[in-house]
Amino acid sequence: MKEIAKDLLKIKAVKLSPNKPFTWASGIKSPIYCDNRLTISYPEIRKQIAQGLAAQIKAEFPDVEVIGGVATAGIPHAAWVADELGLPLIYVRSKPKDHGRGKQIEGVLPAHAKTVLIDDLLSTGGSVLKAVQAAQNEGADVIGVGAIFSYQLSAVSANFKQVGLSFTTLTNYSELLEAATEENYIAEDQLETLKKWRKAPEKWNND
């Protein structure tokens, strides 16, 4: 959905800087920085996101019984999607609590419940797939993952394929570049630089 991409640009949840790249925690240099946490402060945008994700989940994972949020950025969106679909909500901590019963899953998760987890974005898929494993360890039947945005890196498709799981996103890197060009966030000569990064981010530089 290109409109969602335009919304992310408008509220500066996504910033494009092909000439002065950002550095991710992994050390990868990137011309894009995405902070979808900002969307929770914009009622109309978060509503469109919730409705869009709910529609995609209903279409692609019609047997879903539980919606799960991935801590922390996925939790509010999961809550709104669960509300749209009238389904139970759980959320998955990044690690088990270090006190009490040491729970990693919060909420009521029936055994073998068909569950879709929601995160705010997908880069390589590593963090959300750890949450998938945690939910499976608690007896969930995780049938898919939803997110607002995907960088469309080859690693995310490979990692999901490896565990036999599919995912859906509202928008992605390709749509974002189209939106950014249409709305004059980037110049035409910067477009090829941004496209080049997605093909080999680990080798990319801005020289």
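The values are calculated or read from the model by the stated rules, or taken from the named source; none is laboratory data. Because the structure is predicted, anything quoted here is derived from the model rather than measured. With ideal geometry, Cβ positions are generated from the backbone for all residues, glycine too; neighbour counts draw on all protein chains shown. For accessibility, only protein heavy atoms count, side chains too; no ligands or nucleic acids. Shrake-Rupley method; radii C 1.70, N 1.55, O 1.52, S 1.80 Å.
Across bins of 10 angstrom width beginning at 0, how are the C-alpha pair distances of segment 11-60 distributed, in whole percent? Once binned at 10 Å, the Cα pair distances of segment 11-60 give 23, 34, 28, 14, 0. Rounded to the nearest 10 square angstrom, Tyr185 shows an accessible area of 110 square angstrom against a 1.4 Å probe.
The H on the amide N of Leu170, modeled in the peptide plane, is under 5 Å from the matching H of Ala147, Ile148, Phe149, each at least 5 residues off or on a different chain.
Note on exposure: Ser30, Ser17, Ser154 ranked by accessible area (1.4 Å probe, complete protein assembly) read Ser154, Ser17, Ser30, with the most exposed listed first. The Cα trace of segment 109-207 gives Rg and Dmax of 16.4, 53 Å, the first to one decimal, the second as a whole number. Residue by residue, segment 129-135 carries 3J(HN,Hα) couplings of 6, 5, 5, 4, 4, 5, 5 Hz when phi is fed to the Karplus relation 6.51 cos²θ - 1.76 cosθ + 1.60 (θ = phi - 60°); x denotes Gly or Pro. Between Asp35 and Lys12, the simple label model (points 7 Å from Cα in the Cβ direction) yields a spacing of 0.9 nm. Of the trypsin sites (Lys or Arg not before Pro) found in segment 8-97, those in coil by DSSP whose Cβ has at most 10 other Cβ atoms within 10 Å are Lys12. Largest first and in whole Å, the equivalent-ellipsoid semi-axes of segment 74-164 read 21, 16, 13, each the square root of five times a Cα gyration tensor eigenvalue. Centroid-to-centroid, using Cα positions, segment 64-142 and segment 146-199 are 24 Å apart.
With the Cα gyration tensor of the chain in hand, convert its eigenvalues to equivalent ellipsoid semi-axes via √(5λ) and list them largest first in whole Å. Walk me through the numbers before you get to the answer.
Values: eigenvalues 186, 70, 44 Å².
Whole-Å semi-axes of the equivalent ellipsoid: 30, 19, 15.
Couplings for segment 70-75, taken from phi via the Karplus curve 6.51 cos²θ - 1.76 cosθ + 1.60 with θ = phi - 60°, read 9, 5, 9, 5, x, 5 Hz in order; Gly and Pro are left as x. When a 1.4 Å probe is rolled over the protein heavy atoms, the share of accessible surface on the chain that falls to carbon and sulfur comes to 48 percent.
What's the FRET efficiency of Ser94 with Ala59 using the Cβ-Cβ distance as r and R₀ = 25 Å, to the nearest 0.05? It comes to 0.30. Across the cross-link table entries Lys20/Lys195; Lys29/Lys195; Lys95/Lys203, which are compared at the Cα atoms, the separations over 20 Å belong to Lys95/Lys203. Remark: the chain carries 52 Å² of accessible area per residue (probe radius 1.4 Å; ligands, DNA and RNA excluded). Between Ala113 and Asp141, the built amide H atoms are under 5 Å apart, and every one of these is 5 or more places off in sequence or on another chain.
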